[in-house]
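Presented below is the structure to which this report refers.
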Protein chains: 4
Amino acid sequence: MDFNIIRIARVVMNVTDLNASRDFYVNALGFIETDSSSEWIALRGLEEHCHHSLLLKKAEKPGVHLVSYKVWEDSHLTALEAFFKGKGSKANWYEADDATGIGKTLRVEDPSGIPLEFFAEMKGVERCIQKYDLYRGARVQRIDHINCMVPDVEAAVSFYTKELGFRVSEYTATEDDRTWAAWLHRKPTVHDVAFMNGEGPRLHHIGFWLSDPMSLIHCCDVMASMGYADNIERGPGRHGLSNAFFLYVRDPDGNRIELYNGDYLTSDPDFKPVKWDINDPRRQTFWGHKAPDSWFNEATSFLDLEKGEPVNQKSPTLAQRKPDFVT
Amino acid sequence: MDFNIIRIARVVMNVTDLNASRDFYVNALGFIETDSSSEWIALRGLEEHCHHSLLLKKAEKPGVHLVSYKVWEDSHLTALEAFFKGKGSKANWYEADDATGIGKTLRVEDPSGIPLEFFAEMKGVERCIQKYDLYRGARVQRIDHINCMVPDVEAAVSFYTKELGFRVSEYTATEDDRTWAAWLHRKPTVHDVAFMNGEGPRLHHIGFWLSDPMSLIHCCDVMASMGYADNIERGPGRHGLSNAFFLYVRDPDGNRIELYNGDYLTSDPDFKPVKWDINDPRRQTFWGHKAPDSWFNEATSFLDLEKGEPVNQKSPTLAQRKPDFVT
Amino acid sequence: MDFNIIRIARVVMNVTDLNASRDFYVNALGFIETDSSSEWIALRGLEEHCHHSLLLKKAEKPGVHLVSYKVWEDSHLTALEAFFKGKGSKANWYEADDATGIGKTLRVEDPSGIPLEFFAEMKGVERCIQKYDLYRGARVQRIDHINCMVPDVEAAVSFYTKELGFRVSEYTATEDDRTWAAWLHRKPTVHDVAFMNGEGPRLHHIGFWLSDPMSLIHCCDVMASMGYADNIERGPGRHGLSNAFFLYVRDPDGNRIELYNGDYLTSDPDFKPVKWDINDPRRQTFWGHKAPDSWFNEATSFLDLEKGEPVNQKSPTLAQRKPDFVT
Amino acid sequence: MDFNIIRIARVVMNVTDLNASRDFYVNALGFIETDSSSEWIALRGLEEHCHHSLLLKKAEKPGVHLVSYKVWEDSHLTALEAFFKGKGSKANWYEADDATGIGKTLRVEDPSGIPLEFFAEMKGVERCIQKYDLYRGARVQRIDHINCMVPDVEAAVSFYTKELGFRVSEYTATEDDRTWAAWLHRKPTVHDVAFMNGEGPRLHHIGFWLSDPMSLIHCCDVMASMGYADNIERGPGRHGLSNAFFLYVRDPDGNRIELYNGDYLTSDPDFKPVKWDINDPRRQTFWGHKAPDSWFNEATSFLDLEKGEPVNQKSPTLAQRKPDFVT
């Protein structure tokens, strides 16, 4: 069965102060603000032709409402509904929302407890890719991936690959060959979603694509100039796994954003997933830098689809270890 | 019908001096030489996991034997055979060739007279993406696209989109709304193949992907240092169409190579093809530079599948004009 | 005799529309506007600690009032006065001008007819080098050099080296070993001033230093986005002479600005001036690109110190030829 | 009195394995090997026109023999001899050494116990700045500065500024306004030499200039590919103090090298030294990264001029604190 999932498409999450978030995402990172109200801001990257890839909602506490995949057409939504209901899961329809530009959506909970959304339509907007005079900070181009901590990585990988049609590009294995972390894709890049062994489900970070490495360096400088030096958590550096040039920053509420440039094409069925041994001396980032403890320990809770309360978290299946190559 | 064509995968073409070509492609542009004989050199980019994307054959005259697309699996080759034969075209099978690492192939001529090849298997080799000590010159990462001059662009676009499942990302239209040039993709980048109105069929250039803009600048410096300044034909510059940062160089036999970095994701069905008016004042490259006459006039002949003789060329359907935004 | 000239320090020139100039210099090129009135704008680069390096005056026609060198202290101004008067030249003092931040100045005409100014003091202002959130366009850092067309290069070089203490870093010689163009410095970079054989005196361009090569590429993109593509005259490219990465742009009045990054240290007395033969096949820029005719033919008139009328121009001593390596 | 010291010019130091050092400095960092014997290797950067800026001598233990300044001409050496002897210090002449290309030298010990050398002549060699096909790794361009830990920074600064004619560009002060560290220059960059409060005298690092920021990123990648990831100690990052983009690496013997790009012009007498408060929240590097302990604690001993034994080290005058902005 093919649900024709195209790519990760948006994240909907809470922030406590819309203006503080606007300053961070628009002025420091370079997102375009498509629209906003007193309750939310819709943000997109410079090359994006859809209304938003990040919807920030004003709330009292952080939390992630939805991670959202785009499918090819409505029939795939119907097929997904049938699939989830066939497994005994809830799968609810939501009406299109003209204000935020999103078409009708199907929302479900994945086996790790992550609130998922699927949609086929989002309002089209102007691409700003050639409006270079609007480029600021990191000049964010588009959403690239999400990374989640889940208690059972192998179960998550099995579900996404066998049921939803994702493919593995790279993974980290323990000594006894258990999958400790995995990078999965639908679009032919390294990933749309990664899962890492850990207390969860929690959203570890959202990755956004940059046009070139120097934009990442410039973003560090701009963030420092604007008083956001403390929000730079890790990097710049080169990932061993994925080969991307990366920077991790924390937004004013602690949500983690990865600025990311330069992985590779994963289009071919004979591309063999790259295995990284958890004891490989290169488990640190490619240049040998260690990540700070906060990077391993802190992540954002998911909120359940019905009440918006934090989803129950479980301890990880495998022993907790610092997954150094995790992107 | 879906033939599951993944991407442009290789070009097979003539050069007159293998050592001269090796110096140019390996030392100046930074290709990896997978293997060679007295008759050919097989080259790949740093991230490629397949045997080669460029096969240079020793011959007395330049000419392009094949442009080649990878499909998902053998069944798609069989479907392509049936399709072409159903249209009354020849479609011949060729045995796998262990020396050059190519699996069995199906070869046909497209409606413009371009010799096409389809295959599902090529020998796997080591990816060198993280062997940075081997990086030289432009540090070519992978094949990205080909660009062909054809006498009837609209016929070519119709065939590739309606029959082979390609999609249009951008195009140039005349005053009376005829398609003068078009960029078509299977993988979700701007293109796997572009067609431009002109005497043809001829191969205008092969585009290779670079990891970042500074590698392109460095390649100019390296080429000049090595005595290849005259081989730099156009650029560096920014394409209006595609938004890529580009450089056109000519190999020792005059074959044109585009070094290319930075287009955008075209994965979505609701991405609207970008139309460029042939009278748009921005018809020049985005920064307003003019291309030299050689760029408009010179291209490499295709060779027919049976005798290896130059394919018959026809005059273009639309009046010849300098297509400034052509990538 | 040592007048202790430190460096080229500012240029004072006319523009016809202050707002048009502001948009170009501040928004597209990234200058900081220190101050302005209805009659002038004072501009500085991001690292400059002095009031301005470019003073634009509103006028009906273009023209350059002054090119200005900073000396170590007042005693050197007095020594310069004595020197010029001793040669029978006029040398007039001007009072400090609090509005534009300039201290007292000594103004003279050099042997080519160029209006020169010397000063020791200019009002200090905040350096913005670490205010990265203000960086725009080319992110101009500081004034680097001026380049003038003069009718007798050898006479100019002789005066600046023997009398004023400049040193030659590179030069272009004709077949009969006449100096066709020369690059002269006081600060230990390739130049503070260059002279090229031509109808003159005229100001060919003012060169400003950038922090890195990618800022130059970004400036091309920003200029094109803002509608300034036609103002990009030449480049980006690598100079053979000086080795700098360069871009030539024209301001709204046609004044030529060079954006420049990456020459080398010329501090040592045993550094041998680099000689370029006018027939050297590498006379084109290092990558082999030709400059457009406008680059060779167009330049801005100097205005005389007393009446502000265009300085008389003379035909060049040596035959006019395209000086391809000229920076 | 003006001794006309031009710039820091070379360092002579021990390494234990010439081949291991050659691999590191030439293949990973991109130095040019001018010449070598069984006892030494002479290295220079790509733009250097003198024989070497780093002379590595084979020995059983690390140690720094000399830090060396170039003066304008021989008369300045004689003046320096008279100056040092007048202060009751030893000042010995050494003959020119044709093998290593150094002219006659005057060697003295500075007030901190650092073995200093002055010279006016070194053999000229070919500059490789435009031999881009030789560029590797970090593409080191030239020596930029040295940084020394000394027990009494204020005494060192006083001697270098009042007696030798250096000027301060930036400095770090304690709460009670004692100078904790200082950056001093002769050439108009941020520094030729820096002094930091610490057990000493010891050589903290030698700084080499790079042509652009991306060469530094590429060097990290090349080092990691070659197995030198453990030799990357700190960075890449932006210095608050100096504004340079930096990377600290350790050679196979633990000697620290800084790869450095992008400070600013310090030519003007009215440039006011930048003061950094030791309690400034920005005392960390500009992006807020902490340096590892090794960076604060480890440095290389100097060797005395006569016996080549380690120079006696003293405890610092001011309390030891982590000097975060030290470059």
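The values are calculated or read from the model by the stated rules, or taken from the named source; none is laboratory data. What you see is a predicted model, and the numbers here were worked out from it, not measured in a lab. Methodologically, a virtual Cβ is constructed for each residue, glycine included, from the backbone with ideal geometry; neighbour enumeration extends over all protein chains shown. Side chains are part of the model used for accessible areas, which takes the heavy atoms of the whole protein and leaves out ligands, DNA and RNA. Shrake-Rupley method; radii C 1.70, N 1.55, O 1.52, S 1.80 Å.
Points worth noting:
- Pairs of Cα atoms nearer than 8 Å and 6+ residues apart set the relative contact order; for chain A it is 19 percent.
- For region C:67-140, carbon and sulfur atoms together expose 46% of the accessible surface, with a 1.4 angstrom probe and every protein chain in place.
- Working from label points 7 Å from Cα in the Cα-to-Cβ sense, the A:Thr174 to C:Thr174 distance is 8.3 nm.
- Taking 7 Å steps out from each Cα toward its Cβ at B:Asn297 and A:Asp98 produces label points 5.9 nm apart.
- Peptide C:255-264 - average C-beta neighbours from other chains (10 Å radius): 2
- Other copies of A:Ser75: label-to-label distances in nm, shortest first, labels 7 Å along the beta-carbon direction: 1.7, 9.1, 9.3
- If both residues of a DSSP beta bridge must be in region D:203-270, then about 70% of such bridges are antiparallel.
- Chains B and C, summed buried accessible surface - 1.4 Å probe, Å², nearest 100: 1400 Å²
- Inter-probe distance in nm under a simple model that places probes 7 Å from Cα toward Cβ, at A:Lys275 and B:Asn19: 4.4 nm
- Per residue, the accessible area of region B:237-281 comes to 25 Å² when a 1.4 Å probe rolls over the protein heavy atoms.
- The antiparallel fraction among DSSP beta bridges confined to the protein assembly as shown stands at about 70%.
- The 1.4 Å probe gives accessible areas that order A:Tyr25, C:Tyr94, C:Tyr135, largest first, as C:Tyr94, C:Tyr135, A:Tyr25.
- Per residue value of the accessible surface for region A:133-218 (all protein chains in place, 1.4 Å probe), Å²: 23 Å²
- Residue of chain C with the smallest Cβ distance to the axis mapping C onto A, distance rounded to whole Å: C:Met214, 2.
- Between A:Asp230 and D:Thr161, the FRET efficiency estimated from the beta carbon spacing at R0 = 35 angstrom works out to 0.45.
- Heavy-atom SASA rank of B:Trp40, D:Trp72 (probe 1.4 Å, accessible area, largest first): D:Trp72, B:Trp40
- Residue-wise HN-Hα couplings along region C:15-24, as the Karplus relation 6.51 cos²θ - 1.76 cosθ + 1.60 with θ = phi - 60° gives them from phi, are 9, 9, 8, 4, 5, 5, 5, 4, 4, 5 Hz; Gly and Pro carry x.
- In region B:142-156, burial by the other protein chains removes 20 Å² or more of accessible area from B:Arg142, compared with the chain on its own (1.4 Å probe, ligands and nucleic acids ignored).
- Region D:28-65: GluC sites (Glu not before Pro) falling in loop per DSSP and having at most 16 other Cβ within 10 Å: D:Glu39, D:Glu60
- Around the Cα centre of region A:133-301, unit charges on the Cβ atoms of Lys, Arg, Asp and Glu (plus for the first two, minus for the last two) sum to a dipole of about 300 debye.
- Under-5 Å amide H pairs with B:His51, H placed in peptide plane, nonlocal only: B:Lys123, B:Val125
- The other copies place their C:Phe159 label points at 4.8, 7.0, 8.2 nm from this one, listed shortest first, where each point is 7 Å from Cα along Cα→Cβ.
- Bridge orientation summary for region C:138-301: considering DSSP beta bridges with both residues in this region, about 70 percent are antiparallel.
- Volume per residue that the Cα convex hull of region A:141-276 spans, once the total is divided by residue count, Å³: 115 Å³
- Kirkwood's formula applied to the C-alpha pairs of region C:5-132 gives a hydrodynamic radius of 15.4 angstrom.
- Spatial offset of region C:125-186 relative to region B:64-92 amounts to 62 Å, using the alpha carbon center of each.
- Each Lys and Arg Cβ is given +1 and each Asp and Glu Cβ -1; about its Cα centre, the protein assembly as shown then shows a dipole of about 0 debye.
- The Rg/Rh ratio for the protein assembly as shown, using Cα coordinates for both the radius of gyration and the Kirkwood hydrodynamic radius, is 0.97.
- Carbon and sulfur %, accessible surface of region A:199-321 computed with the full protein complex present, 1.4 Å: 46 percent
- By the helix-only formula, in which each DSSP H run with n ≥ 4 contributes -39500 (n - 2.57) and the sum is divided by residues, chain B has a 222 nm mean residue ellipticity of -3500 deg cm²/dmol.
- Placing a label point 7 Å from Cα along the Cα-to-Cβ direction at D:Asn312 gives distances to the equivalent points in the other copies of 7.4, 7.5, 9.8 nm, listed shortest first.
- Placing +1 on the Cβ of every Lys and Arg and -1 on the Cβ of every Asp and Glu, with no other charges, gives chain D a dipole of roughly 300 debye about its Cα centre.
- Based on alpha carbons, the Rg and Dmax found for chain B are 18.5, 54 Å.
- Applying both filters, DSSP loop and at most 12 other Cβ atoms within 10 Å, to the GluC sites (Glu not before Pro) of region B:129-225 gives B:Glu175.
- Percentage of interatomic Cα-Cα distances in region C:198-297 larger than 22 Å: 36 percent
- Mean per-residue shielding of peptide B:271-280 is 1, counting Cβ atoms of other chains within 10 Å of each Cβ.
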